[in-house]
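Visitor: Shown below is the structure under consideration.
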Amino acid sequence: MGRVAALGERARVAGLALAGAVVLVADGPAAVRRGWRSLPDGIDLVILTPAAAEALEQDPGLPAGRRRLTIVMPP
């Protein structure tokens, strides 16, 4: 079974580390894109904050790479 990562604003993702998620704090669109590119191997599910999801949607230049399942937190 793969691992879970959380990507987005510190206040929204920090607690997920307690559940074992790999937490990537990204407090702006550029940081979100850097975080997405730096996801470690073995991550199969990425939990995104709404702002992180929006930042990724607005950047069609991101490499598709290996497919990962994503889920967006409610606002």
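The values are calculated or read from the model by the stated rules, or taken from the named source; none is laboratory data. Small disclaimer: the values here were computed from a predicted structure and weren't measured. We work out accessible area using only protein heavy atoms, side chains counted, and drop any ligands, DNA or RNA first. Shrake-Rupley method; radii C 1.70, N 1.55, O 1.52, S 1.80 Å.
Visitor: Accessible area per residue for the chain in Å², computed with a 1.4 Å probe and the full protein assembly in place, what is it?
Guide: On the way: 4650 Å² over 75 residues.
Dividing the accessible area of the chain by its residue count gives 62 Å².
Visitor: Around residue 72, which amide H atoms from residues at least 5 apart in sequence, or from another chain, sit under 5 Å from its own amide H, with H modelled in the peptide plane?
Guide: It is 48, by chain and number.
Visitor: Then there's this: For residue 6, what residues show an amide H to amide H distance below 5 Å, using hydrogens built from the backbone and excluding near sequence neighbours?
Guide: Residues meeting the criterion, in which the H sits 1.01 Å from N, are 22, 23, 24, 47.
Visitor: Let me ask another. Relative contact order of the chain, please, whole-number percent, based on alpha carbon pairs below 8 angstrom and at least 6 residues apart.
Guide: 33 percent
Visitor: Got a sec to turn the phi values of the range 12-24 into Karplus ³J(HN,Hα) couplings, 6.51 cos²θ - 1.76 cosθ + 1.60 with θ = phi - 60°, whole Hz, x for Gly and Pro?
Guide: For the range 12-24, the Karplus curve yields 8, 10, 4, x, 5, 5, 5, 8, x, 6, 7, 9, 10 Hz.
Visitor: OK, next. May I ask you to give the percent of accessible area on the chain that is carbon plus sulfur, with a probe radius of 1.4 Å?
Guide: Details: 2700 of 4650 Å².
Taking all protein chains in place, the chain shows 58 percent carbon and sulfur surface.
Visitor: Here is a follow-up. Largest first and to the nearest Å, give the Cα extent of the chain along each principal axis.
Guide: Cα spread of the chain along its principal axes, largest to smallest: 32, 26, 19 Å.
Visitor: Quick check on the chain: helices-only [θ] at 222 nm, where DSSP H runs of length 4 and up contribute -39,500 (n - 2.57) each and the sum goes over total residues. Nearest 500, please. Write down the numbers at each step before the final one.
Guide: Working: 3 runs with 21 residues, N = 75.
My calculation for the chain gives -7000 deg cm²/dmol from helical runs alone.
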